[in-house]
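**Q** The structure that follows is given in the form of structure tokens.
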Amino acid sequence: MVAIHVMNNSYESLAGTRKDAAYPGSGFQKIVVIGLVENGSTRIAYENTFMNQFIGEGVNAAISSIHLPDADSLRNKSLVERVIWNGGFDGVITVEVKNIAEDETPQWLKTWVAVPVPGRDDLFGVLANADKSLPVTAEKIRFEVILWDGKTAKQIWVGTTIAVDKHWILREAHPAAHSTVKTLIKAGLLRSTL
């Protein structure tokens, strides 16, 4: 069901990925990016960073914060479905910041690769908890990026970045976005259409 592997390529900011081995579809060609971040301006910054990387590789992309501006709108399943449908998005990318506690820094990636998080395979379940994302409290954080099928709301791919200093979080969004897009293209999960 889920093929697990650690990336060994030139996209250094990604530490590990998991892909649904059973996914038979061809690459996604129109993506909406959803930042799962408390602060509205930070969310827009993340979404724009990822959108720009998609567009730079010729993949049609848009940000969600225009039509889904807050946690209430993200929890509204029918509204999210309408945005995906009306926008013609066949794929959804969620971007979330995760804390890495000091005592788990050495083993967090091994655990992440080995044990998929229960309940993280349904887009609407993740969006329902969008306002419960933890504030950035640890000195080290990572980005977790998930690619969802826009029609089925099922997780197709997930990637996590290396641990980075929380004080450089906005700067680190750029290599995270770049690595994500390059990796998805290489895996055949994105198609250039622009």
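The values are calculated or read from the model by the stated rules, or taken from the named source; none is laboratory data. All of these numbers come straight from a predicted model, not from anything done at the bench. Cβ sites come from the backbone with ideal geometry, for glycine too, and all protein chains shown count toward neighbours.
**Q** Do we find that S73 is in a loop (DSSP other than H, G, I, E, B), surrounded by 13 or more Cβ atoms within 10 Å (Cβ to Cβ) and modelled with pLDDT of 90 or more in this structure? So that I can check it myself, show each step before the final result.
**A** Details: in a loop (DSSP other than H, G, I, E, B): no; surrounded by 13 or more Cβ atoms within 10 Å (Cβ to Cβ): yes; modelled with pLDDT of 90 or more: yes.
Taking the combined requirement at face value, the residue does not satisfy it.
**Q** Which one is surrounded by the most Cβ atoms within 10 Å (Cβ to Cβ) among residues in the stretch 58-70 that are aliphatic (A, V, I, L, M) and within 24 Å of G188 (Cα to Cα)?
**A** Taking the stretch 58-70 and keeping what is aliphatic (A, V, I, L, M), we get 59, 61-63, 66, 68.
Subset that is within 24 Å of G188 (Cα to Cα): 59, 61-63.
Working: V59: 23, A61: 25, A62: 19, I63: 20.
It comes out as A61.
**Q** Pairs please, first residue from the stretch 105-131 and more than 19 Å from G35 (Cβ to Cβ), second anywhere and at pLDDT below 80, Cβ atoms under 7 Å, 6+ apart in sequence or on different chains.
**A** Going by the 7 Å Cβ cut-off, the qualifying pairs are V113/I4; V113/V6; P116/V2.
**Q** Given the condition buried (at least 18 other Cβ atoms within 10 Å of the Cβ), closer than 22 Å to L189 by Cα and of a type outside the set (V, I, T), answer yes or no: does some residue in the stretch 99-109 qualify?
**A** No, the stretch 99-109 contains no residue that is buried (at least 18 other Cβ atoms within 10 Å of the Cβ), closer than 22 Å to L189 by Cα and of a type outside the set (V, I, T).
**Q** Which residue, of I84, I44, I55, is part of a helix (DSSP H, G or I), of a type in the set (A, V, I, L, M), surrounded by fewer than 16 Cβ atoms within 10 Å (Cβ to Cβ) and in contact (Cβ under 8 Å) with a residue 12 or more places away in the chain?
**A** Values: I84 fails: surrounded by fewer than 16 Cβ atoms within 10 Å (Cβ to Cβ); I44 fails: surrounded by fewer than 16 Cβ atoms within 10 Å (Cβ to Cβ).
So the residue among I84, I44, I55 that is part of a helix (DSSP H, G or I), of a type in the set (A, V, I, L, M), surrounded by fewer than 16 Cβ atoms within 10 Å (Cβ to Cβ) and in contact (Cβ under 8 Å) with a residue 12 or more places away in the chain is I55.
**Q** I would also like to ask the following. Please count how many residues of the stretch 159-194 are over 23 Å from E139 (Cα atoms) and not in a helix (DSSP H, G or I).
**A** Residues that pass the stated criteria total 8.
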